[in-house]
Amino acid sequence: MSAKSPVLNVAMVGHAFMGRAHGNAFRQANHFFDLPLQVVPKVIVGRDLGRAAEAAGKLGFEHATTDLDAVLADPDIHLVDVATPNDSHHDIAMAALRAKKHVMCEKPLAMTLAQAKAMASLAKKQKVRVALWHNYRRAPATALAARMIQRGDIGAVRQVRAVYLQDWLADPKAGASWRTSKKHCGSGAHGDLNAHLIDLTRALTGLEFESVCGMQQTFTKTRPAGRGKKAKVDVDDAFCFLAKFKGGAIGTYEATRAAPGRKNYNCVEISGEKGTIRWNLERMNELEVFTDAGGKDGQGFRTVMCMDTPHPYAANWWPDGHIVGYEHTFVHHLADFVLSLGKGAIGKGTRFAPDFDDGVAVQAVLEAALRSAERGTWEKIAK
Ligand SMILES: NC(=O)c1ccc[n+]([C@@H]2O[C@H](COP(=O)([O-])OP(=O)(O)OC[C@H]3O[C@@H](n4cnc5c(N)ncnc54)[C@H](O)[C@@H]3O)[C@@H](O)[C@H]2O)c1
């Protein structure tokens, strides 16, 4: 990038867990990727000026505000990043789109399929670029798995096995938060973790869902809410569903925040007609690969370490074998997004994925599975 490269001024709404992950990406991307725009972390938008200003200082933004409208009216802001709880994504993103800003939004895209569709439709109408932060597509190992599957290394995909297991709500004394309230998050482990699995397995396999059959359970019905009070938990602790894909492949999905011992066990295994590929976030730079090459007595899974020069993103970082971590997936996601902005001609073929259309696809599966769990039936994915 030359010293004269134009800038991409960023306003980030929300500044806690994801704010830190995104803020790090906004600072790092130009240091490691050759990008057509210089990303400038400009302003953090929060609800409390003191806390937002403290976050801006820590995360390297120029200033902080509580006035989103003023930020959206500022022509010098080019990108609005939505890093807030689920129930605010739609309103913040729609306002940013109306102001013709590019938008990067956290997952799940929205609270309902109708909201997600409205967001995708307005993004197209405004001819801006949008992204959904499904960062797990962009670990070097998952990007390599997608490449291998797409070039036919395991043959046509037949089965998808996907689990995302955490344990921070296994303890009934763990406190209530927006993540345990349907009004604020829509669903529990389902929208939180199955959303990632749905997106990742769509990206890896190219398969589209046809119908799903789900079940859910809330093991802990109330949780401490401070000052001796209890809050009702009206979302799932665990959510499992079966899936049929168009074309005949089948899949199983399990998301839980109540599996003691499992911290962030995000694991997908894809079996094709002649091979299997498995990825687990807790060993995120490795892929387990079985293909039928090598003769019967030499067969077995091999572990591919995905941090050598030919692997996706690896050459942007360190010498071969010097591994990357969780935060790098966000840097990769942002770098690819900025590259897509550099290609211009939005709406004319160039596209960043996952965008809001992918968000609509994920939301349709989430919603069908929720309907299925309520009714005890197989449910078709809405168009
Ligand atoms: N991509 C991922 O891997 C990943 C991981 C965790 C969370 N998420 C998603 O990111 C989003 C945020 O989650 P988090 O873990 O950062 O939550 P968090 O509770 O840590 O942070 C939320 C932030 O939003 C602010 N906020 C809340 N309501 C707001 C509003 N109406 N307007 C402006 N600011 C508001 C809070 O003050 C806080 O700064 C959620 O949608 C979640 O599903 C994604």
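The values are calculated or read from the model by the stated rules, or taken from the named source; none is laboratory data. Owing to the predicted nature of the structure, the values given are computational and were not obtained by experimental measurement. Don't worry about glycine lacking a Cβ; one is built from the backbone with ideal geometry, like all the others, and counts go over all protein chains shown. Quick note on the areas: whole protein, heavy atoms, side chains included, nothing else; ligands and nucleic acids left out. Shrake-Rupley method; radii C 1.70, N 1.55, O 1.52, S 1.80 Å.
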Mind checking whether some residue in the range 321-336 is open to solvent by 30 Å² or more (accessible area, probe 1.4 Å), part of a helix (DSSP H, G or I), within 20 Å of residue 150 (Cα to Cα) and among the acidic types (Asp, Glu)?
yes
Looking at 364, 368, 373, 382, which is the one that is open to solvent by less than 60 Å² (accessible area, probe 1.4 Å) and under 17 Å from the mean Cα position of the chain (by Cα)?
364
Those residues of the range 64-79 which are part of a loop (DSSP other than H, G, I, E, B) and farther than 22 Å from residue 341 by Cβ amount to 66, 67
Lone unmet requirement of (1) among the β-branched types (Val, Ile, Thr); (2) loosely packed, with under 15 Cβ neighbours inside 10 Å; (3) touching a Phe, Trp or Tyr at 6+ places or on another chain (Cβ under 8 Å) for residue 276
(2)
Candidate set: the range 113-158, residues that are assigned to a loop (DSSP other than H, G, I, E, B) and among the β-branched types (Val, Ile, Thr); chosen: the one nearest to the ligand (Cβ to nearest atom):
128
Mind checking whether some residue in the range 186-208 is among the β-branched types (Val, Ile, Thr) and more than 25 Å from residue 287 (Cα to Cα)?
no
Could you please give the count of residues in the range 230-258 that are open to solvent by 20 Å² or more (accessible area, probe 1.4 Å) and assigned to a loop (DSSP other than H, G, I, E, B)?
5
Looking only at the range 33-47, decide whether some residue is within 13 Å of the ligand (Cβ to nearest atom), modelled with pLDDT of 95 or more and open to solvent by 30 Å² or more (accessible area, probe 1.4 Å).
yes
With respect to residue 110, determine if the residue is within 18 Å of the chain's Cα centre (by Cα), within 16 Å of the ligand (Cβ to nearest atom) and surrounded by 24 or more Cβ atoms within 10 Å (Cβ to Cβ).
yes
Residues of the range 186-217 satisfying the condition of being open to solvent by 10 Å² or more (accessible area, probe 1.4 Å), within 12 Å of the ligand (Cβ to nearest atom) and in a helix (DSSP H, G or I):
192, 196
Identify, from the list 161, 227, 179, 147, the residue that is open to solvent by 30 Å² or more (accessible area, probe 1.4 Å) and modelled with pLDDT under 95.
227
When residues of the range 67-88 are limited to those that are closer than 27 Å to residue 182 by Cα and of a type in the set (A, V, I, L, M), the one farthest from the ligand (Cβ to nearest atom):
80
